[in-house]
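Data block below; observations after.
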Amino acid sequence: MFKYKKALCIMLSLCMVWMAFACGKDKTDDSQSKKTDDLIVIGFSQPGAESAWRVALTDSVKESFTEENGYKLIYKDGRSKQDNQIKDIRTFIQQGVDYIILSPIVETGWDTVLLEAKEAGIPVIICDRNVVVNNQSLYTAYVGSNFLSEGERAIEYIENLYQPGDDGVEPEVNIVHIQGTIDSSAQIGRSKALERALLEHDNWHIIAEECGEFTKARSKEIMKQTLTEVDSSEINVLYCENDEEAMGAIAALNEAGIKCGVGTSIAVISFDATKSALELCMNGQINMVAECNPIQGPYLYDIIEALNKGENVSKITYIDETSFTGDSLTEDFIASRKY
């Protein structure tokens, strides 16, 4: 009898331990679930990770929308295809996120999916590149660069570099234009600035023009091909629509034994101002870099915080940017940059 009582006591003790563990586990799970439920969920769609600049933008957004700040960020890489981004946005809608941040690979083709987000009651904030839609109410706000202004700063540099001679005659300026992803906001703005300048300067000529897709590899291919079609002595300006393209083109020139940059016959213009490009600029291989600032997370955070409070926000917010030449750069400054 004693043995049975002892066995029964052991079984009861084990049951109590198990129940205590189970109750504790349920309580922990409930606490974790409540913590997750309290977070504001954001779906973030990027075109990809094709450059250091793009990675810096992603990191900036991730650093701003943390759980410590009350947010859960769902990040999607579009792998350089608009169709993938559209699918990702539809997934965000199905998940019932609170906000969507979209950095579009191109400007057009977003009306349908943005309408779906609007009908689902999900505000969409566009960042980096903008969109062109039939109804402006399909998105709440845009945060990013004024790409036309960036291009105009580059044009001003070229104009100052190629002033009329003592005889008043303007020199011929032959330009190799390596464009970014066609129909992206960055490409449209930076190309438009150059196109306007060509109309104003009869002595400026495009002698080669191709899409470099904002990548180093493609730009290097383009520059190699250009050198088989055009004598390098005929090139005065290399106008690359981002740093990756500039570095690819410079690599092709270096391999061909052709010097470029400050003090040579080929001026190199670039955009973005990543650390690698600024180092080339400080060393004279790039003449001028127009900054395109990827640290956009804090701007997006302020907008969404305002929306959370029911406040109105500006439709367009341009971020602060500047330009660089070699004489304005130091190693310490470049090292301090986040991208």
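The values are calculated or read from the model by the stated rules, or taken from the named source; none is laboratory data. In this text the structure is predicted, and so the values were computed from the model without any measurement. For neighbour counting, all protein chains shown are included, and Cβ atoms are generated from backbone atoms with ideal geometry for every residue, glycine included. Protein only, heavy atoms only, side chains kept; ligands, DNA and RNA dropped before computing areas. Shrake-Rupley method; radii C 1.70, N 1.55, O 1.52, S 1.80 Å.
Before moving on, here are some points about what is shown:
- Of all residues in the range 198-215, those that are free of Cβ contacts under 8 Å to residues at least 60 places away in the same chain, in contact with a helix residue (DSSP H, G or I) (Cβ under 6 Å, 6 or more places away or on another chain) and over 11 Å from Ile175 (Cβ atoms) total 2.
- Answer residue from the range 116-130, given it is more than 23 Å from Ile188 (Cβ to Cβ) and touching a helix residue (DSSP H, G or I) at 6+ places or on another chain (Cβ under 7 Å) and is most open to solvent (accessible area, probe 1.4 Å) among those: Lys118
- Selection within the range 227-261 - open to solvent by 10 Å² or more (accessible area, probe 1.4 Å) and in a helix (DSSP H, G or I): Leu227, Thr228, Glu229, Ser232, Ser233, Glu234, Glu244, Met247, Ala251, Asn254, Glu255
- For the residues Thr274, Thr317, the requirement of being over 21 Å from Ser51 (Cβ atoms) and surrounded by 12 or more Cβ atoms within 10 Å (Cβ to Cβ) singles out Thr317.
Results for (1) over 23 Å from Thr58 (Cα atoms); (2) at pLDDT 95 or above; (3) β-branched (Val, Ile, Thr), shown as yes or no for each residue.
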| residue | (1), (2), (3) |
| --- | --- |
| Leu115 | yes, yes, no |
| Ile122 | no, yes, yes |
| Cys127 | no, yes, no |
| Val173 | yes, yes, yes |
| Gly189 | no, yes, no |
| Glu195 | yes, yes, no |
| His201 | yes, yes, no |
| His205 | yes, yes, no |
| Ala208 | yes, yes, no |
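- Tyr339 meets each of the listed conditions (1) of a type outside the set (D, E, K, R); (2) crowded, with 19+ Cβ neighbours inside 10 Å; (3) modelled with pLDDT of 95 or more apart from (3).
- Qualifying residues in the range 32-58 (those that are among the small types (Gly, Ala, Ser) and open to solvent by less than 30 Å² (accessible area, probe 1.4 Å)) - the one modelled with the lowest pLDDT: Ser51
- Subset tally (residues that are in contact with a helix residue (DSSP H, G or I) (Cβ under 7 Å, 6 or more places away or on another chain) and either of a type in the set (Phe, Trp, Tyr) or surrounded by 23 or more Cβ atoms within 10 Å (Cβ to Cβ) (or both)) for the range 131-143: 2
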